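All remarks here apply to the structure that follows.
Derivation of every value follows stated rules applied to the coordinates shown; laboratory data play no part. Every value quoted in this text rests on a predicted model; they were computed, and no experiment measured them. We place every Cβ from the backbone using ideal geometry, glycine too, and count neighbours over all the protein chains shown.
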Amino acid sequence: MKTIVILTGSEKRHTFFRKYLKNTKGIKLLKSFSESQKGNIQSLVKKDSINNDLRTKHLLLRDQVESDFFEVFNDVVQNSNNVFIEKGEINNKKYVSEIIDLNPDLIISYGCSIIKSNLISSFKGRFINIHLGISPYYRGAGTNYFPFVNNELQFVGVTYMFIDKGIDTGNIIHQFRAKMNTCDSIHTIGNRLIKDMAIVCSELILKFDSINNVKQKITPSEIKRLYRKKDFTEESLRMLYNNITKENIISKYLENKYLIDDKYPIINLKLNK
C-alpha cells in the first residue's frame, strides 16, 4: 500500500484525477488539497474584453468537452479526503506542516501553484510533479496547446518528473505522447490524455520502489520552448485552428508519426512489464 498526498486544482480534470487515485487499489490517499481557480486562464482572457472572442469560445468548448469526459465519474465517485484552499495557499506554513506530519510515501502535484516551500527538500525523491507537455522541449504554460500552434504534435504528451525549484526542470521519471485520431479536436486529444495520465500515474505510484536512477536523455537544443499565460492570444488561436482545419496537421503527423517521434527522444519506462 502506497500512501500519497495530492496537490492540485479545482477544475473538473483535477477532480477526476484526485478521485481516480483515491479509488485505485493499492493506493491510500491521505489528503488532497485543491486550489481555487483564481487567476486561471479564463479570468485572464475575460479581462481582455476588447479582443477575446475567439479565446472565449475556445475555452467554453474546452470546458464542455471536459464535462463530457469527466462529469459523470466526478458525480458518482466519492470524495478524496479533499480540502479546498485559495490559489497559492499550498505554500502556507499551516498546510506545509500538515503535509510533513502526514508523511506520505509520495506527494503528487498536478495543476497547483509553483511550490516554493520546504516540501521540496523534505520530500526529495518522493515528490512527483505531473507536467502536461513533453519536457524539456515545452515548458511553462500551454505546453499541450502551443505544439498545435507550432505544428509540432510530437510534443503533445505528459511528463512525470521529480519536482525542484525551477519551472518544469526536475529529473524526468516517465513520459508518453498523446493518442490521436484524424477526427480529433485539440480538446478531445487533451482530455483523453488527462484520462490516460491518471491511469499511468497510478501505475507509477504502485511501481515506484522499482524505479531507480532513470537515465536522462540528451534532447536537441534547438527545440526548447518556454511559454507564459500571456502568450495565449487571439493570433495564436487563429494559427492553431488554421493548422488543424486547413493544414490538416493531425493527419499529416499521424502519417509520419514514428519517423517524426524518433527524432525527439523521450523517457518512456516499460510499466506493463
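Quick look at the numbers
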read-out	value
Surrounding net charge for Ser117, when Lys and Arg each add one and Asp and Glu each subtract one, Cβ distance under 12 Å	+2
Crossing angle, helix 93-102 versus the chain [Cα axis fit, 0-90 degrees, rounded to tens]	70 degrees
Around Phe146: net Lys/Arg minus Asp/Glu count, Cβ-Cβ under 13 Å	+3
Most to least packed among 128-137, 257-266 [average Cβ atoms within 10 Å]	128-137, 257-266
Neighbour-count order for Asp53, Asp75, fewest beta carbons within 10 angstrom listed first	Asp75, Asp53
Residues Arg13, Arg238 arranged by fewest to most Cβ contacts within 10 Å	Arg238, Arg13
Distance from the range 173-212 to the range 143-163 (C-alpha centre basis), Å	12 Å
The chain: angle of helix 53-76 to the longest principal axis, Cα-based, in degrees nearest 10	40 degrees
Burial ranking of peptide ranges 62-73, 189-200 (average Cβ count within 10 Å, highest at the top)	189-200, 62-73
Relative contact order of the chain, pairs being alpha-carbon contacts under 8 Å that are 6 or more residues apart, as %	20 percent
